[in-house]
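This report refers to the structure that appears directly beneath it.
The values are calculated or read from the model by the stated rules, or taken from the named source; none is laboratory data. These numbers were taken from a predicted model, which means no experiment stands behind them. FYI the Cβ positions are ideal-geometry reconstructions off the backbone, even for glycines, and counts take in every protein chain you see. Keep in mind that these areas ignore ligands, DNA and RNA; they rest on the heavy atoms of the full protein, side chains included. Shrake-Rupley method; radii C 1.70, N 1.55, O 1.52, S 1.80 Å.
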Amino acid sequence: MIPAHTALTLNNSPTLLHYLAESMTQRYLEVALPVPLRSVFTYAVPDSFNGEELVGRRVLVPFRNRPTVGVGLAVTEQAPETKRIKEIAELLDPLPALPPKLIDLGRWISRYYLTPIGETLRAMLPPEVELRHDREYCLTDTGRAYLQALAAEKEITDVEKAELEFLRAFDLEEPGAKDHPVRSARVRRMPGGEAAAERFVRRGYLTAREVARRRKTRMQKIVAWRTDAPDRPAGEPEKRVREVLTAAQVPLPLEVLLEKASVTTLVIKRLESAGMLLTWEEPLIPGEDAWDTDFAPPANVLNTEQKQVLAEIWRWIVADKFEAALLHGVTGSGKTEVYMGAIEATLSRGKNAIVLVPEIALTLWLGRLVRACFGATVATLHSGLPDVERAREWWRVRRGEARVVVGTRSAVFAPLENLGLLIVDEEQESSYKQEETPRYHGRDTAVYRARLEGAVALLGSATPSLETYHNARSGKYQLLELTARVANRPLADVHVVDLREEFRRAQKAAPVSESLRAAIALRLEEKTQAMILINRRGYSWSSLCRSCGAFVQCENCSIALTYHKSRQRLECHYCGYTIRPPKQCPKCRAEYMYFVGDGAERVEEYLHEHFPNARIARLDRDTVRTKREYQQVLGAFADGKLDVLVGTQMVAKGHDFQRVTLVGVVAADLALGLPDFRAAERTFQLLTQVAGRAGRGELSGEVLVETHYPEHYAIQLAAKQDYVSFYEKEAHFRRMLHYPPFTALASILVRDRKIENAIRWSRALAAYFAPFEERGVKVLGPAAAPLARLRKEYRYQFLLKSPQRSALSQALSGALEFCAKKEIPETSVIVDVDPASLF
């Protein structure tokens with residue numbers, strides 16, 4: 001119903017005519033929900049939401065009796081065929097979370113990588129910090145009758161007595177009590193907890209439902225000194241409060257004031273009661289990161305090559321059209337300075353920029369540098385941030401308060417509008433490939449987003465992936481090259497240590513070779529620094545029975561457990577299963593258990609034993625979990641407070657430590673034995689990258705590479721740091737064996753907890769794929785996956801190869817339709833387009 005004053009002006013107001021038409025027509029919204037279903041869902045739009053922009057908006061809707069957050073995709077007036085149409089419950093945000101071009105990007109990812117649109121868009125959204133999901137229980141009529149029957153019984157068993165006490169908590173006496181819910185938080189405090197409640201749900205005595213409630217915003221008290229305060233403070237604590245607030249010249253959070261003035265809350269209350277302070281509440285936000293305090297970016301002067309490269313990038317940015325380019329520069333050639341210049345050019349044109357890095361550790365270094373150059377307009381996005389902080393940064397970007405985003409893979413979805421530049425640093429890294437749905441590649445997604453936005457995509461690396469370098473050489477991408485290090489510093493000398501010869505001389509194996517140990521001793525003498533790379537976590541690879549030869553395996557996965565000495569645990573790095581190291585073999589009961597292989601923890605211990613006075617630290621996922629821990633370890637090494645840093649591949653790329661003169665690579669050939677066509681490429685890239693950490697300052701560098709296979713071309717060419725020769729040799733093998741970049745590749749994994757189901761479904765898919773052999777699609781499999789069992793699921797794998805991507809896409813999309821017809825669960829068939837790993 002329209003108010004009378006509105007009706008009087010209808011003839012003169014097209015807006016109100018539109019309002020009237022809208023209010024009389026029922027509208028429907030197609031919503032993408034984060035569920036593994038390849039469809040969208042239609043909901044009725046309540047009249048109260050008329051006039052609201054719904055496309056790209058986060059909406060709260062009921063789905064299968066639980067509140068779910070989805071994204072609006074399209075508004076329609078055509079009613080769906082379904083009779084019961086549920087309504088949208090709530091709009092979560094004051095503006096659409098996803099701009100139109102991000103929705104277009106999501107649709108492309110859904111088509112190209114064959115992932116449900118709802119799960120794709122979920123990866124683009126900020127964490128749901130506004131909502132708290134809960135479960136509520138209510139007593140049913142059946143439950144009430146059972147409760148009354150128990151209460152009437154004179155003699156009941158102990159079990160029935162426990163049930164009586166439990167159900168009484170749900171039986172409230174006031175009118176309508178049977179519909180009064182009891183929250184899960186209260187249920188958890190009851191004997192038996194939620195497990196008992198769920199048993200009563202199955203018996204029909206209780207009902208359960210999922211609810212979503214808005215969280216309360218965390219607030220903090222802000223304190224300011226009143227300039228018109230009636231009296232001056234008399235005591236010393238009160239004077240300190242006044243001095244701190246006066247010196248700050250701005251109001252301070254209560255916690256900060258208490259710390260700086262060294263007073264208690266009683267002092268603040270006295271001053272507040274005396275009318276000397278003003279206080280109020282504000283939303284809690286974290287203070288300045290101490291990591292950024294007093295950091296000044298280095299004042300580097302660009303050399304001729306850098307200036308030429310930057311001039312070319314400037315030309316593309318000014319042209320305001322899509323361009324993709326590979327910046328191929330040797331380690332230490334100053335690619336970061338080129339990135340900074342490109343960002344400056346983008347901002348000067350009124351456009352925005354995204355910088356992607358492969359590791360969270362690199363966001364700390366590069367993020368600090370970018371913030372030092374461009375100030376508060378920079379936001380950081382990665383999974384290592386707490387949800388509240390990540391959501392706050394995400395919304396800063398969406399509201400236009402940040403113009404530059406630095407982050408890991410998912411930052412490619414940063415909701416920046418008017419995008420002019422996307423930088424993908426270390427573009428070859430496999431961590432850019434998402435290993436869970438949606439299985440997108442951050443690098444390729446960045447290139448496609450740049451195409452949508454008419455922006456420049458700049459891919460940087462000293463060791464580009466074969467796909468990217470092939471695109472650059474074939475003309476699909478532009479090729480920019482930096483052939484020399486900054487200030488013409490020489491590349492580090494690389495020496496290959498043959499571990500076979502070392503063993504012949506010493507007649508024993510050690511975690512670190514004699515040559516590397518002597519080189520570390522020399523650096524300690526010279527007061528410089530060393531980095532030791534071993535790409536294995538833990539103390540030992542596993543525990544082996546010397547009697548029967550069996551490894552101690554994970555009970556959920558077909559993988560040997562890794563030994564962690566600090567925790568005295570054997571652990572699976574895939575599912576998290578842990579046990580204490582057994583004293584007897586689980587298979588033959590023999591007592592001859594032996595730890596096999598050395599990991600980063602063992603190498604660190606060995607170095608502590610041989611260099612007890614050295615300051616040694618380790619950087620891997622076992623020692624650093626949070627942003628603060630990363631900062632502490634890396635900051636200490638950069639400040640010269642550590643002599644030796646042992647680490648996994650976290651230390652191999654992107655870092656710039658001026659006093660590192662030695663890099664040692666332990667077990668450099670580990671990856672060469674893996675059943676993956678990228679094994680040689682990964683080995684070459686890792687060795688070349690880690691070699692680039694040495695000699696980046698005024699001091700020359702040396703690299704020692706330990707291997708049992710010194711003849712392998714990946715190791716030989718990495719020692720020479722000759723990327724072009726490696727590309728030519730590896731590309732020759734790839735071309736002959738029909739692997740990327742010369743062939744489109746996809747992996748299909750069939751999995752289930754019952755091996756019979758996995759085998760049956762694999763055979764059905766094999767029959768479906770058979771005709772595609774004649775259509776230019778090579779089908780390998782089904783065969784047991786390299787990890788044949790993972791998280792209690794049996795896995796069988798297909799590999800599909802085709803020189804024509806359209807033929808491959810047709811086979812894959814048809815396979816998903818075939819699975820739907822055969823009622824094979826969607827979650828049991830995983831399609832991975834352009835897989836980075838065959839594991």
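Remarks
- Sequence-distant lysines (8 or more away, or on other chains) whose Cα lies within less than 18 Å of Lys351: Lys101, Lys321
- Furthest towards positive pole of dipole, Val404, Phe637, Val241, structure part the chain, Cβ charges: Phe637
- The mean accessible area for residues of region 701-839, using a 1.4 Å probe and ignoring ligands and nucleic acids, is 47 Å² per residue.
- Cα gyration tensor shape of region 193-270, rounded if a/c is under 1.5, else prolate or oblate by comparing a/b with b/c: prolate
- Largest-first principal axis extents of the Cα set of region 130-277 (Å): 74, 33, 28
- Each residue, Arg615 and Ala783, gets one label point 7 Å from its Cα in the Cβ direction; the gap between the two is 5.1 nm.
- In plain terms, the chain from Arg580 to Ala766 could stretch by 62.8 nm, reckoned as 0.36 nm per residue minus the Cα-Cα distance.
- With distances taken between every two different alpha-carbon atoms, region 307-405 has a Kirkwood hydrodynamic radius of 14.6 Å.
- Stretching the chain fully between Ala149 and Cys548 yields a gain of 137.5 nm (0.36 nm per residue, less the alpha carbon separation).
- Full extension of the chain between Thr76 and Thr227 gives 48.5 nm of extra length, using 0.36 nm per residue less the Cα-Cα distance.
- Label point distance in nm, Trp280-Met190, each placed 7 Å from Cα along Cα→Cβ: 4.5
- Diffusion constant of region 70-111 at 20 °C, which comes from Stokes-Einstein with the Kirkwood Cα-pair radius and 1.002 mPa s, µm²/s: 167
- For region 647-697, the Kirkwood hydrodynamic radius from C-alpha pairs, put into Stokes-Einstein at 10 °C and a viscosity of 1.306 mPa s, yields a diffusion coefficient of 136 µm² per second.
- Unmatched cysteines, the chain - criterion: no other Cβ of a Cys under 4.7 angstrom: Cys138, Cys373, Cys575, Cys819
- Considered as an equivalent ellipsoid built on the Cα gyration tensor, region 438-499 has semi-axes of 30, 17, 11 Å, the largest given first.
- Anisotropy class of region 714-839 from Cα gyration tensor, a/c 1.5 cut: oblate
- Per-pair calculated FRET efficiency, R0 = 25 Å: Arg209 and Ser828 via Cβ, rounded to 0.05: 0.30
- Restricting the trypsin sites (Lys or Arg not before Pro) of region 39-68 to loop positions (DSSP other than H, G, I, E, B) with no more than 12 neighbouring Cβ atoms within 10 Å leaves Arg64.
- Taking the average, over residues, of other Cβ atoms within 10 Å as the packing measure, peptides 250-260, 777-787 rank 777-787, 250-260 from highest down.
- Looking at region 367-454, the trypsin sites (Lys or Arg not before Pro) that sit in a DSSP loop and have at most 16 other Cβ atoms within 10 Å of their own Cβ are Arg399.
- Here the relative contact order of region 752-825, from alpha carbon pairs under 8 Å that lie six or more residues apart, stands at 33 percent.
- Separation in nanometres of the label points that stand 7 Å from Cα toward Cβ, at Ala311 and Ser39: 6.0
- The equivalent ellipsoid of region 241-397 has semi-axes of 43, 16, 15 Å, largest first, where each one is the square root of 5 times an eigenvalue of the Cα gyration tensor.
- Using alpha carbons only, the radius of gyration of region 602-658 set against its Kirkwood radius gives Rg/Rh = 0.95.
- Shape category assigned to the chain from the gyration tensor of Cα positions, a/c cut at 1.5: rounded
- Here the chain has 50 percent of its accessible surface on carbon and sulfur atoms, given a 1.4 Å probe and all protein chains in place.
- Along each principal axis, Cα extent of region 350-442, largest first, Å: 33, 24, 24
- Per residue, the average separation of C-alpha pairs within less than 8 Å and at least 6 apart gives the chain a relative contact order of 9 percent.
- If you take the alpha carbon atoms of region 356-503 and fit the smallest convex hull around them, that volume is 184 Å³ per residue.
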